[in-house]
Amino acid sequence: MKYDFDSIINRRNTNSLKWDIEENELPMWVADMDFRTAPEIISALTKRAEHGVFGYTIIPDEWYCAYIDHWDRRYGFNMEKDWLMFCTGVIPAISSSVRKLTTPAEKVVIQTPVYNIFYNCILNNGRNVLENKLLYENGKYSIDFDDLEKKLADPQTTLMILCNPHNPVGKIWNRNDLAKIGDLCHKHGVTVISDEIHCDLTDPDCSYTPFASVSDVCRDISVTCITPTKAFNLAGIQTAAISVPNKHLRNRVNRAINTDEVAEPNAFAIDAAIAAFTVGEEWLDELRTYINDNKKAAEEFLEAYVPSVKLVSSQATYLLWLDCSGLPLEGAELAKDIRTNTGLYLSAGSSYGGNGKHFVRMNIACPRTTLIDGLNRFKQYCDKVNKE
């Protein structure tokens, strides 16, 4: 490989949320990576820093072109400049949109188990969560469309938040599923916010389909949130985009993010995004290969040494969704017990809703040696509880 993903970067004492832990602990929970971002992005940010003046920043044509060209080149979807708006992050974009596109006490559909912060975006704004629980059979997830239509048909349901690719289950929703979601939402007058933050982190032989690209219906009812932060490990830079083809819907979202003051970039946000999408592609493709190799290594390890735990097959993200229904504990109690006994810090599946209480989530975006350390700690825990 041209790029180095094996070196261990010491992130302690760097004000890292992930690594603010005890000395003997190993964090494999929150979804940021333990890799340095692409050298090309570091060079762009270094150049910006060396300029030394960090005044208010405009959004140049190059920023729009970077997004448009990336989605056209990799996904065959041609966005237009007018569709795009800068936002400081995907979650600010979702929260602002929830406030503007719904009224208090209305219902927002999410497909659980799903990214736990979606709950915050809904509940903190005085709206109600409506769970369309994903079906889980033979180690795979699928959409319960009968239940989805019932939830969308509720007169109080005005919004759905879609996660594509899906966090935490790693599912890439296919074109037929997306079209069906779009048709049902259109039928019942429901707007779709599509969180596509993990779209660049598919397995090397896989690609995702942007929700808005599926049909005219999907395009006209959707707000799509995209960003380089997840794929290029830039979360702290706070840079994202919202794509809204429908001009009336776009105007409402634009007012939302400006009212909430999350539509202005910091001094590094624009340069980071432009560099990621224009000169970071080779690094990204090597990263995807490395993560996929980590995923295969984890799968082989679990099959050989931890047969009581089943890995849910996935096509995207660097997050393993581990079925721990064969272990005695569940939910937050399970994750806490693993951490207490081994120092391995995983995400409790119960926070994602649905059937998540039987799962833990493991972040494998780390050097191989770190992954093996984590897997050995997990094996240590499972060996212990299975003997008791």
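Could you state the number of Å between the C-alpha centres of region 366-388 and region 203-264? Cα centres, region 203-264 to region 366-388: 37 Å. Taking only Cα atoms and a 10 Å spring cutoff, compute GNM fluctuations for the chain and point out the largest among G170, G356, G326. The residue with the greatest mean-square fluctuation here is G326.
Which percent of Cα pairs goes in each bin when the distances of the chain are cut into 10 angstrom slices starting at zero? Reading the bins upward from 0: 5, 23, 33, 26, 12, 1, 0.
As a quick test, which of the pairs K151/K247; K171/K379; K310/K336; K171/K295 have an alpha carbon distance above 21 angstrom in this structure? Walk me through the intermediate numbers first.
Values: K151/K247 27 Å; K171/K379 26 Å; K310/K336 19 Å; K171/K295 14 Å.
Exceeds cut-off: K151/K247; K171/K379.
Under a Cβ-Cβ cut-off of 11 Å, what is the net charge of the residues other than K230 that fall near it, where Lys and Arg count +1 and Asp and Glu count -1? List each step's numbers first, then the result.
Numbers: positive: none; negative: D32, D195, E196, D200.
That works out to -4.
Taking loop as defined by DSSP and a crowding limit of 11 other beta carbons within 10 Å, which chymotrypsin sites (Phe, Trp or Tyr not before Pro) in region 18-108 fit? Please report the intermediate quantities before stating the final value.
Values: sites: W19, W29, F35, F54, Y56, W63, Y64, Y67, W71, Y75, F77, W83, F86; in loops: W19, W29, F35, F54, Y56, F77.
Within region 18-108, the qualifying chymotrypsin sites (Phe, Trp or Tyr not before Pro) (loop, at most 11 other Cβ atoms within 10 Å) are F54, Y56.
For region 9-78, place one equal point scatterer on every Cα, skip the solvent, and apply the Debye formula. What is log10 of I(q)/I(0) at q = 0.13, 0.20, 0.28 Å⁻¹? With no solvent term, the Cα-only Debye profile gives -0.69, -1.01, -1.19. Extent along the principal axes, Cα only, for region 196-253: 33, 29, 8 Å, with the longest axis given first. Computed over neighbours whose Cβ is under 11 Å from that of T342, the net charge equals 0, Lys and Arg +1, Asp and Glu -1. Between the alpha-carbon centres of region 17-85 and region 278-324 there is a gap of 23 Å. With one equal scatterer per alpha carbon and no solvent term, the Debye-computed log10 I(q)/I(0) for region 97-200 at 0.21 1/Å reads -1.14. Measuring spread by the Cα atoms of region 1-159 yields a radius of gyration and Dmax of 21.0, 57 Å.
In terms of its C-alpha gyration tensor, region 233-353 has a prolate overall shape, because the principal axis ratio a/c (a ≥ b ≥ c, square roots of the eigenvalues) is not below 1.5 and a/b outweighs b/c.
Can you pull the percent of the chain's accessible area that's carbon plus sulfur, 1.4 Å probe, other chains left in place?
On the way: 7720 of 16530 Å².
Roughly 47 percent of what the probe reaches on the chain is carbon or sulfur.
The residues of the chain present an accessible area of 43 Å² per residue when probed at 1.4 Å with all protein chains retained. Each pair of Cα atoms in region 312-388 enters the Kirkwood radius, and Stokes-Einstein at 4 °C and 1.567 mPa s then converts it into a translational diffusion coefficient of 102 µm²/s. In this structure, the amide hydrogen of A240, modeled 1.01 Å from its nitrogen in the peptide plane, lies closer than 5 angstrom to those of C87, G89, counting only residues at least 5 positions away or on a different chain.
The values are calculated or read from the model by the stated rules, or taken from the named source; none is laboratory data. This structure is a prediction, so every number in the text was calculated from the model and none was measured. Cβ sites come from the backbone with ideal geometry, for glycine too, and all protein chains shown count toward neighbours. Each accessible area value is taken on the protein alone, full model and side chains, heavy atoms only, with ligands, DNA and RNA left out. Shrake-Rupley method; radii C 1.70, N 1.55, O 1.52, S 1.80 Å.
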